[in-house]
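A quick write-up on the structure given underneath.
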Amino acid sequence: MSTPSHITLYDTTLRDGAQGEGIHFSLADKLRLAQRLDDFGMHYIEGGWPGSNEKDIEFFREAKKLKFRHARLAAFGSTRRADTKVADDKQVALLLEAGTPVITLVCKTSTLHVTEILRTTLEENLAMIRDTISYLVKQGREVIFDGEHTFDGYKLDAAYTTACYRAADEAGAAYLVLCDTNGGTMPGEIATITAALKSHVKKARLGIHTHDDCGLAVANALAGIEAGALQVQGTVNGYGERTGNCNLITTIANLQLKQGHRLLGDEKLAELRDLSLFVDEVANQRPSGRAPFVGSAAFAHKGGIHVNAVNKLAASYEHIRPELVGNSQRVLVGELAGRANVMLKARTLGLQLGEKSPEALKVLEEIKRLENNGYEFEAADASFELLVRKTIGTYMPFFELTEYHVSIRKDNEAGKDTCEATIKLTVKGETVHEVAEGDGPVNALDAALRKALVRFYPQLAAMVLVDYKVRIIDSTHGTAAKTRVFIESTDGESSWATVGVSTDILEASWLALRDSVDFALMQMQSQTKLLRSITDALLETVEQATASSAELARLLDEGRFRRPDLGSLHHALLKSLTQETLSNPDLARLLRNPKIHEPDSTALKECLAAIVAKLSFSQADFDRWAKDLEPQKFNLSSLSDALSRSITKVAFSSEEFERLFQENGTTGT
């Protein structure tokens, strides 16, 4: 069992992390990140170097307006210049003007860098360390000493590096941090040198700062902690110069879950994955699926033997419970999968499929056949779900393709290309023929397909394609090679991915595009059924009139409506029921309107209009609420939960309610 730890976490994402290739933070980004890091529970946050650029000066000015609940903000800088009085050093003055409670100083501890980089004497460097630290301590600052090139310097001249740390300790530094600046030291050396320097330190605590040039930053940080360091410095997701810094996400998980150091409360540790994703999002970086603990693949299982085992006992192939760090178990399907993979993956999508059923075997055989032809379903859940439904016979097509044609016309004189797509479909028994132009052949085909379908399925207007990836599978075949296309789409609330494979890139794109539209329509149909189930259940409740309006209002209020598109429905019903301004028969009559189940939600708006008419809400308020009630955005799971509790209070039993939802295909929605 872990006990409270004396180890502190020092985050340098805003400075050291920003030095990584492709990492750029605006002033607003830095302020946002600082607040999130503080909320997470970091003990120290290094905001930047106020002597290096105007943005960092502005950051510290704005940071004074923030209230940090957990962290102490640090400004980063260097010792005074050689042969300069510390009180006259402009860079030191800027550190004080930053107004932070902590100042971190980078100091030379290697004879090589003192003589060849600073171009000063070894004695003057020691004086620079003593003078700057003691001066800042007298100004009421907590000083952290970052000894640059500690380990390389110690191996070069152990006596001089030790003298630098003694000088910093005697001058009053709170932490003496050992830095593996070049990232080339091995864990055994880290432990030996850390222990050696610790024996010479009288007052200050040691810290460890490592880089990942040998892929050992986390291992070296852990070695430093085991040797006596009480602070670990690093960045979220390991951002940093060259190959990066110590990854604090991985280090925190190892320290707390593997070595028993209780750095954070359990609820904060469970935010580890969210923090990692948040920083990636702000930095505009794609999250690493293979990141330890928090990556999407960290608890993903593909091999049939593995999946069969974790289905019986998760710990058989998982070193921790994923939820401890905010992650979750994933089951992958592919050519190495077994029936357990298919069963568990189907279950996560709300599909019931027995592991030993003939259907599971049939699905598995089809997956292996398709993957042998170049398909991959690991990142294409929507295509996988459609495949399962088609294989077990529950798929119902929304349209049939008759033909499509795509042309590209290049006009050198006009300096532009024109792409045009023609498509012919059968939709609900009607033949539809449409033409559309686009920025490229795939975009034109997408536009033509959407144009043909939107008259029948207006919800598709909200769907957009957000990512398109092409990969050549067997490049040795030259222009005859197979092409795999991944498409990611969204409706503004959720996203899904599909895949298509063909020797023709346009055909592969069409297959992925068709799956994307099919999946969107299937989801919309499911939500329409759910809405029908909800309104039927609510109608049953109010007609029996055995649950008081106040009781139903309380239950609705407990429903925890998580999305703004349900806010208006919730608010109107709740206030109406609370004020007793709408009788149960009135509400029942409104809900009986058969058109309330239709996707365009006009009848639902009319129902709400009748409710609102009896209340004191302004027309402007209602117009705003009604605008939010777009059917493609409905997610009624919270309303379902509230109603299920409501219905158990009346004659309509919970068993009947569950049966109603099962029959309407709402399980797993």
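Dimensions of region 427-501 based on its C-alpha atoms, expressed as ranges along the principal axes with the largest first, amount to 44, 30, 25 Å.
Largest first, the extents of the alpha carbon coordinates of region 156-285 on the three principal axes equal 44, 32, 26 Å.
Largest first, how would 72, 61 line up by accessible area (1.4 Å probe)?
So, going from the largest accessible area down, we get 61, 72.
Probing with 1.4 Å while keeping every protein chain in the model, the per residue accessible area of region 355-490 equals 56 Å².
Could you tell me what percent of the accessible area of region 87-228 is made up of carbon and sulfur, with a 1.4 Å probe and every protein chain present? Could the numbers behind the result be given before it?
Numbers: 2880 of 5470 Å².
The value for region 87-228 is 53 percent carbon and sulfur by accessible area.
Only protein heavy atoms count here; under a 1.4 Å probe, residue 404 has an accessible surface of about 60 Å². Loop-located trypsin sites (Lys or Arg not before Pro) in region 187-257 (DSSP state other than H, G, I, E, B) with a sparse environment of at most 12 neighbouring Cβ atoms within 10 Å: 202, 203. Accessible surface of residue 211, taken over heavy atoms with a 1.4 Å probe and every protein chain present, rounds to 10 Å². With all protein chains kept in place, the per residue accessible area of region 67-204 amounts to 43 square angstrom at a probe of 1.4 angstrom.
The values are calculated or read from the model by the stated rules, or taken from the named source; none is laboratory data. These figures come from a predicted structure and were not determined experimentally. Cβ coordinates were reconstructed from backbone atoms using ideal geometry, including for glycine residues, and neighbour counts include every protein chain displayed. Surface accessibility is based on the protein's heavy atoms, side chains included, excluding ligands, DNA and RNA. Shrake-Rupley method; radii C 1.70, N 1.55, O 1.52, S 1.80 Å.
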